[in-house]
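Visitor: Structure incoming, see below.
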Amino acid sequence: MHLLGPEPVQAARVLPLDLGEGLVLRATTTGDARDAFAVVEAERERLREWLPWVDGTTSLAVERDFLVSVEQVNAAGVGLHATIRQDGEFCGFAGLRIDLMHRSAEIGYWLSERAVGRGIMTRSVAALFDAGFIRLGLHRMELLAAVGNTRSRAIAERLGMSFEGVRREAEELASGFVDLAMYAVLVQDWPGAEAAIARVG
Ligand SMILES: CC(C)(COP(=O)(O)OP(=O)(O)OC[C@H]1O[C@@H](n2cnc3c(N)ncnc32)[C@H](O)[C@@H]1OP(=O)(O)O)[C@@H](O)C(=O)NCCC(=O)NCCS
């Protein structure tokens with residue numbers, strides 16, 4: 001019985017992950033701040049539709065401060081947050097927020113506009129689920145997306161996650177409170193990243 005959940009594992013022991021075709025997930029650091037903030041600045045209108053923190057990210061210093069907290073979470077083993085690059089070029093972020101007590105995690109992510117539409121996030125999420133289940137001993141992965149965020153929901157559906165219902169007005173976005181669709185996959189139902197991706201075709 002795991003009364004206290006599994007031991008925390010530092011992200012640095014799991015990352016980087018090489019996904020092939022030049023796609024690499026590295027532990028997020030403050031060194032990513034400049035690239036990330038450049039995309040936020042250039043793409044505010046697109047990103048703020050679905051991400052609650054965009055309007056508050058007003059400067060490079062704010063971005064850097066946020067990444068300091070991400071580094072701390074990664075180092076404490078309660079997060080597995082990765083920066084996605086293809087052939088060295090910044091694509092975006094994907095990360096697990098880990099609840100050790102219940103051996104579950106919630107995935108969050110975003111991509112720059114130029115990285116959208118290439119399957120980068122579906123592959124990144126699958127790789128983080130593999131790492132979470134196999135390397136971190138987690139039991140359940142959750143993905144929550146605004147009901148209207150069809151691109152995000154498509155990732156859950158492509159990976160065969162179960163739709164478990166709607167959390168009403170659970171997130172405040174620029175447009176106001178939105179309902180969140182909740183998807184999850186349990187370790188015994190996860191076929192592994194390779195099989196999950198192969199199923200996508
Ligand atoms: C949500 C978000 C990450 C989805 O990005 P995405 O590019 O649609 O997702 P993927 O990287 O998995 O790519 C899937 C697309 O690539 C295509 N694709 C190409 N090769 C693929 C492959 N090998 N595997 C899977 N999909 C592939 C798919 O057909 C799909 O394109 P389509 O929607 O035109 O059919 C992106 O839209 C985003 O950053 N949005 C703003 C922030 C946001 O909403 N974050 C989530 C909050 S819950």
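Values quoted throughout were computed directly from the atomic coordinates according to the rules given, and no laboratory measurement underlies them. Everything quoted here is computed from the prediction, not taken from an experiment. With ideal geometry, Cβ positions are generated from the backbone for all residues, glycine too; neighbour counts draw on all protein chains shown.
Visitor: Select, from ALA174, ALA127, the only residue that is within 13 Å of the ligand (Cβ to nearest atom) and more than 21 Å from HIS81 (Cβ to Cβ).
Guide: Only one candidate qualifies: ALA174.
Visitor: Taking the range 78-101 as the region of interest, how many residues are over 17 Å from the mean Cα position of the chain (by Cα) and in a strand (DSSP E or B)?
Guide: Total meeting the criteria: 1.
Visitor: Please determine, by comparing only the residues of the range 187-199 that are surrounded by 14 or more Cβ atoms within 10 Å (Cβ to Cβ) and not in a loop (DSSP other than H, G, I, E, B), which one is farthest from the ligand (Cβ to nearest atom).
Guide: Of the residues in the range 187-199, the ones surrounded by 14 or more Cβ atoms within 10 Å (Cβ to Cβ) are 187, 190-191, 193, 196-197.
Of the ones still in play, those that are also not in a loop (DSSP other than H, G, I, E, B) are 187, 193, 196-197.
Working: VAL187: 22, ALA193: 11, ALA196: 10, ILE197: 6 Å.
It comes out as VAL187.
Visitor: So which residues in the range 133-179 are assigned to a strand (DSSP E or B) and at positive phi, if there are any at all?
Guide: GLY165, GLU169, GLY176, listed by residue number.
Visitor: Sticking with this structure for a sec: Just checking: which of the helices (runs of 4 or more DSSP H) contained wholly in the range 1-77 hold 2 or more residues that are within 13 Å of the ligand (Cβ to nearest atom)?
Guide: Helices (runs of 4 or more DSSP H) meeting the threshold: 33-42, 44-48.
Visitor: Within the range 134-148, is even one residue under 21 Å from ALA36 (Cβ atoms) and out of contact with any Ser or Thr (no Cβ under 6 Å at 6 or more places or on another chain)?
Guide: Taking every residue of the range 134-148 in turn, none turns out to be under 21 Å from ALA36 (Cβ atoms) and out of contact with any Ser or Thr (no Cβ under 6 Å at 6 or more places or on another chain).
Results for (1) away from the ligand (no atom under 14 Å from the Cβ); (2) within 26 Å of ARG168 (Cα to Cα), shown as yes or no for each residue.
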site	(1), (2)
ILE84	no, no
SER104	yes, yes
TRP110	no, yes
ILE120	no, no
GLU142	no, yes
ALA156	no, yes
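Visitor: Among (1) within 14 Å of the ligand (Cβ to nearest atom); (2) more than 19 Å from LEU23 (Cα to Cα), which single condition is GLY92 missing?
Guide: Exception for GLY92: condition (2).
Visitor: Give the range 30-50 a look and list any residue that's surrounded by 17 or more Cβ atoms within 10 Å (Cβ to Cβ) and either in contact with a Pro (Cβ under 9 Å, 6 or more places away or on another chain) or of a type in the set (A, V, I, L, M) (or both), or say none.
Guide: Residues satisfying the conditions are ALA33, ALA36, VAL39, VAL40, LEU47.
Visitor: Can you give me the number of residues within the range 69-95 that are exposed (fewer than 13 other Cβ atoms within 10 Å of the Cβ) and in contact with a helix residue (DSSP H, G or I) (Cβ under 8 Å, 6 or more places away or on another chain)?
Guide: Residues that pass the stated criteria total 0.
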